[in-house]
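Here's the structure we're looking at; comments come further down.
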Amino acid sequence: MITHIVGNRPQFIKLAPLYRALNQAGCVQNIIHSGQHYDENMSDVFFQELGIPNPYVNLMAGGGSHAQMTAKAMLGLEEELLDKKPSLVILYGDTNTTLAGAVVASKLCIPIAHVEAGPRVHCKANPEECNRIATDHLSDILFCPDQISMQNLQKEGLGDRAYMTGDIMYDTYLSIAEKTAQDASQEEIIVMTWHRQENTSGKERMESILNLVQQLGDKVVCPLHPRTRKCLTEYGLMEKAEAIPNFEIIDPVGYMDMVALMQRAKLILTDSGGVSKESSYAGAKCLFMLDLDVWEDLVRDDWIHKVDPQDQTRVEEALAFARRAKHVPQADRPKYYGDGHAAAKMVQALQEKNLI
Ligand code: UD1
Ligand code: UDP
């Protein structure tokens, strides 16, 4: 029995192709949902759209501080893993759910596979960095989305467990993109996502991001993460946000709608690790709102441009980058993240290591 442990939006997107590939390989699987994301449009919609079977249990560990959420997930996971005794646990990405799964499974001596291993932002104040480092070191087999992640793992002495499979989100993206292909006459937009702790935990920071949106001038469509809506409301900034004429705030969308939005984009403004990488699949350059070492190949190519919204000089540079941006045709997009067959490569590696 293979157990997938998921709980966050991007993890559902990563799970879909691997679940399918393991099914085709004849594996028996189940899914544990930590409950970290719980709104219908942050969770259920992805299971429905991507054809993922329902989790057999939801640990309802969402909300609260990092420690509260991680601890609650750990307690529930220990109970479930002791009961079902899977032969392999599969973890995804870098969230508190991932960390909880890594700590519990490793102490129960259950082998762990980590999907999206190896990215490093070189900043321990970033909560996702802590989660990812700990999970990589506790895992038995590591699946990397790009060569830089492979190199990071080699530097940390984990090279012998690492496989370059490419990005599994690209598998999912390709499975959707043809169905949602946009007609060229559609108005080009800027798509925005905004949810990271560093960008939602101070009024000044949030205000500076709103100012950046306003200065962009072109239509910015933003499926707003519930954390960000909550913080804007708490800081009394929701009215200001809604009054920005070029800013269209919508509720979080399912993956098909998200891909359709990105296909219409000439630029993506984001602080999301996943969305900044997906920008290269959809052909829209990316303004990244954190000073972290994100997807370094794309930064070097000037595909991703980092902006500090609180630094007016950097904002001016970002506005110039935005003015130059236009939708990039398929043939001219960067290709660092594999060939869209990551799930098949993961299954093969698991077979080679006798883990399935
Ligand atoms: C989490 C991950 C982050 C990942 C992101 C994906 C951690 C430390 N962070 O961040 O790495 O990029 O998921 O989206 O694990 N909320 C709701 N409804 C929901 C989900 C969240 O209202 O369905 C609100 C709650 O007030 C919650 C807050 O958003 O406390 C933050 O949610 P949380 O899961 O802690 O952080 P994310 O920003 O979603
Ligand atoms: N996404 C989505 N709907 C939205 C916003 C994002 O389907 O309203 C998708 C997005 O395309 C990407 C994933 O969710 O595949 C990224 O999730 P998020 O930004 O929450 O997490 P991160 O990548 O920062 O961990």
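The values are calculated or read from the model by the stated rules, or taken from the named source; none is laboratory data. Values in this document were obtained by computation on a predicted structure and should not be read as measured data. Virtual Cβ from ideal backbone geometry, glycine too; neighbours counted across all protein chains shown. Ligands, DNA and RNA are excluded from the accessible area calculation, which covers all protein heavy atoms including side chains. Shrake-Rupley method; radii C 1.70, N 1.55, O 1.52, S 1.80 Å.
Side notes on the structure shown:
- Each peptide among 18-29, 238-249 gets the average number of other Cβ atoms lying within 10 Å of its residues, and from highest to lowest they stand as 18-29, 238-249.
- Packing-based order for 105-115, 298-308, using average beta carbon neighbours within 10 Å, highest first: 105-115, 298-308
- Near Ile52: Cβ cut-off under 12 Å, other residues only, Lys/Arg at +1 and Asp/Glu at -1. The net charge is 0.
- Exposure of Ile52 as accessible area (Å², to 10), given a probe of 1.4 Å and all protein chains: 10 Å²
- Over all distinct Cα-Cα pairs of segment 166-316, the Kirkwood formula returns a hydrodynamic radius of 15.7 Å.
- Surface composition of segment 143-260: carbon and sulfur make up 46 percent of the accessible area, probe 1.4 Å.
- For segment 3-93, the orientation-averaged shadow of the C-alpha convex hull comes to 5.6 nm² (one quarter of the hull surface).
- Lys155/Asn41 FRET efficiency (R0 45 Å; Cβ-Cβ; nearest 0.05): 0.70
- Theoretical ellipticity at 222 nm over the chain - DSSP helices of four or more residues, -39500 (n - 2.57) apiece, nearest 500: -14000 deg cm²/dmol
- Average Cα contact separation per residue, the chain, under 8 Å, 6 or more apart, as relative contact order %: 16 percent
- In the calculated pair-distance distribution of segment 247-356, the portion above 18 angstrom amounts to 57 percent of the Cα-Cα pairs.
- Spread of Cα-to-Cα distances over 10 Å intervals beginning at zero, given as percent, for the chain: 5, 25, 35, 25, 9, 1
- Sequence ranges 320-333, 156-169, ranked by mean other-Cβ count within 10 angstrom, highest first: 156-169, 320-333
- In the full protein context, the chain carries 41 Å² of accessible surface per residue, based on a 1.4 Å probe and ignoring ligands, DNA and RNA.
- Each label point was placed 7 Å from the Cα along the Cα-to-Cβ direction; for His122 and Asp301 their separation is 2.0 nm.
- Cross-link partners of Lys124 among lysines, defined as those whose alpha carbon lies under 22 angstrom from its own and excluding same-chain residues fewer than eight positions apart: Lys155, Lys277, Lys306.
- Against the chain, whose longest principal axis comes from its Cα atoms, helix 342-352 is set at around 20 degrees.
- Computed with the Debye formula from one identical point scatterer per Cα of segment 133-188, without solvent, the log10 of I(q)/I(0) at q = 0.13, 0.19, 0.30 Å⁻¹ comes to -0.48, -0.69, -1.15.
- If the convex hull is drawn through the Cα atoms of segment 174-244, its volume per residue in Å³: 113 Å³
- Legend: Rg and Dmax of segment 94-170, from Cα coordinates, 11.5, 32 Å.
- Using alpha carbons only, the radius of gyration of segment 123-247 set against its Kirkwood radius gives Rg/Rh = 1.08.
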